[in-house]
Amino acid sequence: MTLNRRTFVQAAAALASLDATRAAFAAETVKIGYVSPQTGPLAPFGEADKWVIDQMKAAFKGGLAIGGRKYDVQILLKDSQSNPNRAGEVANDLILKDKVALMLTAGTPETANPVCDACELNETPCISSVVPWQPWFFGRKGDPAKGFNYTYHIFWGLEDVIANFTNGWNSVKTNKKVGGLFPNDGDGNAWGDPNLGFPKPLAGMGYTLTDPGRFQDGTQDFSAQIAAFKTAGVDIVTGVVIPPDAKTFLTQARQQGLRPKVITLGKALLFPGAIEALGDLGDGLTTEVWWSPSHPFTSSLTKQSARALADAYEAGAHKQWTQPIGFAHALFEVAADTLRRSKSPGSKDVRDALVATNLNTVVGPVKWGGQGPFKNVSKTPLVLGQWGKGKKYKMELVIVNDEAAKNIPTGGTLRLM
């Protein structure tokens, strides 16, 4: 009986030890959260995310060394559904339920801002992108004297998009009359802001801006804007609209006889799918280019050039390359580099490592404190592109002005519509 009892105690101790070992092994997983618009009108911003995450799963297959210990990496993707409230909800779930060590987010202020706000409130390190820094920083009521403690951003600013748009416009002959399409959303309110946005610098360069006022995303009737632009005699139409609104506006403008010489729109004209949906209306449209196969940068994680990354996407996803590929990839580059340099996966250790980032990525150098207007912003380069009939695809995006970033080569010059 004594032997049986001893055997039982030993077996129980062995089981307890095994359970403890299993628990310890299970705990050796670091979780990275990722929130982006997978559905809804902003879905083109998240179109490449699943492909990039599959690529990252392969890159992280051997785990990450953090503070001298090896951790498996788990990536948790959540859909913001193009809705700010939903973005905040899934961010809170990732923070409070899934206990992510680091959050990544991208795809306009409607996704990135509420995710960053949730992270700042819960002291969870966060890296965001694909939002001009003004609507990201000021849209979150950022104080330039203080900045934020846990949320850090990689992208360009309105000063860069204004410079690129006007560099292109200055290269062709127009009457310098511009019609503005600025919706009532985070981007539109920033781009149309009298001080932060387009109005002030355009006036300073001799352009006359006609701004008919804010409209709601998803509007079905642009007759008022088109009439205002025709009355003003605009040669240039600019603004920042979601892809469905661009199609509605461009279709109605053609029907109602508005024929500007240049159409340069942010956001809506970034994606091959959106341009394809426009048919012949897409030929000659211009937009900002934040990443392309021509960018002279290499991934710190996979050692792929921008060209190789775009080629891998086209071969794997069977789709034309799209700009968000580069920034989704770069977010994981910075995440991996940050975690590797962290003393532990704890929030303050990860945050401290994040602040000290100095990394060359596939979208360019990333460094906070000195490479942007505030400590939380690291700026990336921007050029101007134009859509035209292509060789491999029906419509292709060509860089037509690089005055703002001479290290990124052009493939042509701006032509009138």
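Odds and ends about this structure:
- Every listed requirement among (1) surrounded by fewer than 17 Cβ atoms within 10 Å (Cβ to Cβ); (2) over 21 Å from Val363 (Cβ atoms) is met by Ser305 save one, (2).
- Ala312 vs. criteria under 19 Å from the mean Cα position of the chain (by Cα) and assigned by TED's automatic domain parsing to the domain that holds Thr357: no
- Members of the stretch 386-403 found to be of a type in the set (A, V, I, L, M, F, W, C) and free of Cβ contacts under 8 Å to residues at least 24 places away in the same chain, listed by number: Val398
- Residue, nearest to the chain's Cα centre (by Cα), within the stretch 362-407, restricted to residues that are in a loop (DSSP other than H, G, I, E, B), buried (at least 18 other Cβ atoms within 10 Å of the Cβ) and charged (D, E, K, R): Lys379
- Subset of the stretch 15-48 [surrounded by fewer than 18 Cβ atoms within 10 Å (Cβ to Cβ), in a helix (DSSP H, G or I) and either modelled with pLDDT of 90 or more or not aliphatic (A, V, I, L, M) (or both)]: Ser17, Asp19, Thr21, Arg22, Phe25
- For the stretch 109-158, filtered to residues that are without any contact (Cβ under 8 Å) to a residue 12 or more places away in the chain and charged (D, E, K, R), the residue that is surrounded by the fewest Cβ atoms within 10 Å (Cβ to Cβ) is Lys141.
- Selected residue (only one of Val377, Val355, Val363 is aliphatic (A, V, I, L, M) and within 21 Å of Ser294 (Cα to Cα)): Val363
- Among the candidates Phe229, Phe215, Phe249, the residue that is out of contact with any Lys or Arg (no Cβ under 6 Å at 6 or more places or on another chain), within 13 Å of Asn184 (Cβ to Cβ) and either in the same structural domain as Pro109 (by TED's automatic domain parsing) or of a type in the set (Phe, Trp, Tyr) (or both) is uniquely Phe215.
The values are calculated or read from the model by the stated rules, or taken from the named source; none is laboratory data. Note that the coordinates shown come from a computational prediction; the quantities given were computed from them, not determined experimentally. Virtual Cβ from ideal backbone geometry, glycine too; neighbours counted across all protein chains shown.
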